[in-house]
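Structure first, commentary second.
Read-outs: derived from the displayed coordinates by stated rules, not from any lab. The structure presented is a predicted model; accordingly, all values stated were derived computationally and were not measured. When we count neighbours, we look across all protein chains shown, and the Cβ atoms used for this are built from the backbone with ideal geometry, even at glycine.
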């Protein structure tokens, strides 16, 4: 184990688990390691979730977010999806719910359409040209698909935002982690999808989250008046 760590492997891959929101999350070699700053995303999602809600964790990786939100919400029905089969195997160990393999919304069961209260996604948001500047632990030992967000880092965010209204319940929320400099285009993507965006940040964790709410029926009535 010392030799593997000295060779540059992430400590979490060497140990086989990561500490996240007080949970021990199984993490296999080659899987994205949940970051401490993402605990702020969990905090925001958990504050919106209610007992019995349907919660979806997209780009779930090892399932750390879904597991942590579920732990903070009574009787939540948790669904998670990721395109990486190794990550999905980890997520199935970490989440007491439903875990699917596939691209974003594609593997989710159709019965969830219009019923999701909280949709959370830690999408890749590093611009392609900046991947080479990441620490070796990420650059060499985590999947590029979990890091590379395209030319401006927001390719996947835009896809998730565009698809969210078809899955959210009226008044439901989409939450995505991003960076401070990406706030304006991220907000624009949420607004273009018909979501009402707002931004929250944690200086202590260096975390930024964009939240978007799907208008409920009473919202439309108020606007009509």
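As a rough guide to protection, the peptides 171-178, 194-201 ranked by mean Cβ packing within 10 Å, highest first, stand as 171-178, 194-201. The residue 103 and residue 75 beta-carbon pair, evaluated with R₀ = 25 Å, returns a calculated FRET efficiency of approximately 0.30.
Pairs of C-alpha atoms in region 12-154 farther apart than 24 Å represent 27 percent of all such pairs. GNM remark for the chain: springs join alpha carbons under 10 Å apart, and the peak mean-square fluctuation among 164, 64, 188 falls on 188.
Approximating the spin labels as points 7 Å out from Cα along Cα→Cβ, the residue 180-to-residue 162 distance works out to 3.0 nm. When the chain is treated as a GNM with alpha-carbon contacts under 10 Å, the residue of 53, 204, 74 showing the greatest mean-square fluctuation is 204.
Our note on the geometry: Cα centres of region 3-80 and region 165-186, 19 Å apart.
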